[in-house]
Amino acid sequence: MNRPEAMQATHWQLEIRNDIAWLTFDVAGQSANVLSRAALEQFEQHLTNLAERPLKGLIIRSAKPSGFIAGADVREFQEISDPAVAAELARTGQRIFRQLESLPFPSVAAIHGFCLGGGMELALACTYRVLREDPATRLGLPEVRLGIHPGFAGTIRMPLIVGDFIALDLILSGRTVSPKEARAIGLADEIVPERHLLRAAENIVRTNPGARRAPWFKRIPNWKPLRRLVVKYLTKRVAGKAHPDHYPAPYRILELWQQRANEEQEAFSLGELLVSRTSRNLVHVFLIGEDLKRHGRAQAHGIRHVHVIGAGVMGGDIAMWAANKGFRVTLQDQKPEILARALKRAGEFYKKSLKDPRMVQEAMDRLMPDLNGDGLQRADLVIEAIVEKVDAKQALFRDVERRARRDALFASNTSSIPLETIAQGLSDPSRLVGLHFFNPVAKMQLVEIVRGSYSSDEALGRARAFTTALDRLPLDVKSSPGFLVNRILMPYLLEAVKLAEEGVALETIDRAATDFGMPMGPIELGDVVGLDICYSVAQVLAGPLKLDVPALLANLVNEGRLGKKSGRGFYEWDAKGHPQKPKAERNVYAPIAERLILRLLNEAVACLREGVVNQPDAVDAGMVYGTGFAPFLGGPMRYIASLGETGISHSLYRLSQEYGKRFEPDPGWSQTELFRQPSMSDE
């Protein structure tokens, strides 16, 4: 038997046992493995040395509990402004992975947790891929979400392994796949329980059964007579989700595939995309999201049992999501039929998202209906999600404080009522915070962590950590009317209603917003949220923000036209939940978009000036992750920086002369220090 041999490096540890090399990736000083320049250089050195040795195989694994490899080091992207430099980085990765692929013995990636981007491309260059059977194991090529495409030959290798249609779907969507789906499409050679992962990796190296390749029928789309038709079909599908002027990467992916591009063409294309405005802004959005997660992980939450009071849509979905993420949840409501609806909705969600009957049952077992509120006495966290009425919330929390444990954290899902008002009557208001979720809870990534004047740092830290454990982004906001997201969004929505009052066609208003880059027009958004909810929030904010609420909104609510949920709002809604609207006129959008977006930007600056949040990045995070504000623009403050605050304030002044006080520039536009604050990552 050979004597074990070990070599240490900063990011990679090499051990040779029984003629098999074990290369362990463990990036120094980070919780996740990323492929930085330094890590790639060390990897190349190891491959060069190993290629000259008489080995039976190479096993690549991760020492990080969080996963295999999260991809390239995205923070290094910010340092690159020359497309030639970006293309050279891609060529470096291609050369190293080609070296891995060409080793004179088989290689296997032993994968647990996330295997994404450059990490997935490394695994594709291995002979085999063995996966740990675990819901946390996810594989994918999400580069398109950063405005780029795979650059380490992933666009070339993926179709060879899983077939062209499947590869294009994965690369164009950026979605990830579970171990079960990975095996079904040919991306995984084996799936094993955690205790067998390394043994399975060693066994497949020794038996060396032969690398997987897509069967001939999965390569049919790549036949020359069909490639143009496939691209035409997929281009139409992509166009429904991504405007080519805003998001060029999906169209470049299709172009590369149609051309059967080589590594040099892939690298050149990546170089151009990486330095584009879209990519730089999407990287900005990604990194501020990562900074919110990092901030959330700074403290332990100590929460195992969550008690949610109010089983309506929001409360029921909060409970459903918390149980989905492993928490024990009791859900309380006064009416058993409301509890029954919430549990039915949760069951349908689990069946659709989890699929595995055993996992569905486990999630349902964690979610318990609680008509009498017995779970309140055992809860580590109590979340209130009842009707938006001050008296009701105050009375509820007085009762909660009397019955709950002394160390329990209290949270309100209020969307507009100041925490100081809700806390009146509490003997210890320091443990009350706001946890403002957005609808639908299962899709919206942002949660506003509302800081009342009495909220303790301990309570806020636990709330952030709990939010992060829910796989959501915690954003600190001050307790003030509308907090951040609703406050900034409301003037934008009301301006859309004002335009409708002036006779502008509804579909034209919406088209102006979507052409700007918003995911949905403001008229349609109002219908989806519910016009009664919009009107209620507008009334709450009208006084403190001096908002003029158009009469049209009140009239529609009084007529029972509440939007999608009632079948009629601004639009008529069909049985499938689609708005019925004629095609919008073209070339009339610029003045409309200006009125909509400038009111939004003006309120964003006001929030920054008043300290609702403490830096421009927080505004961007709130509006991109909370409303979908044009991600390719990087958020409102990033957009302001690209145009210049002076020019925008002048435009606001011009509009105020024409349309009145609602367009008067906020005093914050003249406070240049507001726009020069450090980013979240500089904290």
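The values are calculated or read from the model by the stated rules, or taken from the named source; none is laboratory data. These figures come from a predicted structure and were not determined experimentally. All Cβ positions, glycine included, derive from the backbone under ideal geometry; neighbour counts span all protein chains shown.
Observations on the model:
- Answer from T155, T137 - the residue that is of a type in the set (S, T, N, Q) and closer than 25 Å to A90 by Cβ: T155
- Count - residues of region 25-51 that are farther than 22 Å from L89 by Cβ and assigned to a loop (DSSP other than H, G, I, E, B): 2
- Residue satisfying all of: in region 207-220; loosely packed, with under 13 Cβ neighbours inside 10 Å and within 30 Å of P54 (Cα to Cα); farthest from the chain's Cα centre (by Cα) among these: T207
- Enumerated strands (runs of 3 or more DSSP E) restricted to region 331-417, each holding at least 3 residues that are within 19 Å of S430 (Cα to Cα) and in contact with a helix residue (DSSP H, G or I) (Cβ under 8 Å, 6 or more places away or on another chain): 381-384, 409-412
- Residue match in region 469-489 (condition: in the same structural domain as F327 (by TED's automatic domain parsing) and without any contact (Cβ under 8 Å) to a residue 24 or more places away in the chain): no
- Per the listing A86, A72, A63, the residue uniquely aliphatic (A, V, I, L, M), buried (at least 18 other Cβ atoms within 10 Å of the Cβ) and at pLDDT 95 or above is A86.
- Residue match in region 9-16 (condition: of a type in the set (G, A, S), assigned to a loop (DSSP other than H, G, I, E, B) and free of Cβ contacts under 8 Å to residues at least 40 places away in the same chain): yes
- Enumeration of residues in region 284-312 that are farther than 17 Å from D73 by Cα and β-branched (V, I, T): I303, V306, V308, I309
- Residues being of a type in the set (S, T, Y), under 30 Å from the mean Cα position of the chain (by Cα) and in a helix (DSSP H, G or I) - total across region 655-679: 0
- Considering Q580, Q657, the condition of being polar (S, T, N, Q) and closer than 25 Å to K443 by Cα is satisfied by Q580 alone.
- Residues of region 130-146 that are farther than 17 Å from G186 by Cβ and β-branched (V, I, T): V144 alone.
- Matching helices (runs of 4 or more DSSP H) fully within region 183-280 where at least 3 residues are touching a helix residue (DSSP H, G or I) at 6+ places or on another chain (Cβ under 6 Å): 224-239, 249-258, 263-274
- With respect to the conditions (1) over 25 Å from the mean Cα position of the chain (by Cα); (2) buried (at least 23 other Cβ atoms within 10 Å of the Cβ); (3) of a type outside the set (S, T, N, Q), D365 lacks only one, and its number is (2).
- For G316: the one exception among (1) more than 26 Å from L475 (Cβ to Cβ); (2) part of a helix (DSSP H, G or I): (1)
- With respect to the conditions (1) buried (at least 18 other Cβ atoms within 10 Å of the Cβ); (2) closer than 16 Å to N439 by Cα; (3) not β-branched (V, I, T), K565 lacks only one, and its number is (1).
- Looking at D164, D189, just one residue is surrounded by 16 or more Cβ atoms within 10 Å (Cβ to Cβ), closer than 23 Å to L58 by Cα and either touching a His at 6+ places or on another chain (Cβ under 8 Å) or assigned by TED's automatic domain parsing to the domain that holds W257 (or both), and that residue is D189.
- Unique residue being more than 29 Å from E290 (Cβ to Cβ), surrounded by 14 or more Cβ atoms within 10 Å (Cβ to Cβ) and modelled with pLDDT of 95 or more when the list is I96, I20: I20
- Residue that is surrounded by the fewest Cβ atoms within 10 Å (Cβ to Cβ), among those in region 625-674 that are among the hydroxyl-bearing types (S, T, Y) and within 30 Å of R472 (Cα to Cα): S642
- From P209, P225, residue being within 30 Å of L58 (Cα to Cα) and in the same structural domain as N18 (by TED's automatic domain parsing): P209
For (1) of a type in the set (K, R); (2) at pLDDT below 95, each residue gets a yes or a no:
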position: K546; (1), (2): yes, yes
position: G577; (1), (2): no, yes
position: A584; (1), (2): no, yes
position: V605; (1), (2): no, no
position: R609; (1), (2): yes, no
position: G622; (1), (2): no, no
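To keep it simple, each residue is scored yes or no on (1) touching a residue at least 60 places away in the same chain (Cβ under 8 Å); (2) touching a helix residue (DSSP H, G or I) at 6+ places or on another chain (Cβ under 8 Å).
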{"residue": "E101", "(1), (2)": "no, yes"}
{"residue": "P106", "(1), (2)": "yes, yes"}
{"residue": "G118", "(1), (2)": "yes, yes"}
{"residue": "L122", "(1), (2)": "yes, yes"}
{"residue": "A136", "(1), (2)": "yes, no"}
{"residue": "I148", "(1), (2)": "yes, yes"}
{"residue": "F152", "(1), (2)": "yes, yes"}
{"residue": "R157", "(1), (2)": "no, yes"}
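- A single entry from R398, R451 fulfils the requirement of being of a type in the set (K, R), over 24 Å from G375 (Cβ atoms) and out of contact with any Pro (no Cβ under 7 Å at 6 or more places or on another chain): R451.
- Whenever a residue of region 392-421 is over 17 Å from H436 (Cα atoms), its partners that are outside any loop (DSSP other than H, G, I, E, B) and among the acidic types (D, E), lying with C-beta atoms within less than 8 angstrom and at least six residues away or across chains, give the pairs L396/E384; V400/E384.
- Residue that is surrounded by the fewest Cβ atoms within 10 Å (Cβ to Cβ), among those in region 221-251 that are free of Cβ contacts under 8 Å to residues at least 12 places away in the same chain and closer than 12 Å to D164 by Cβ: W223
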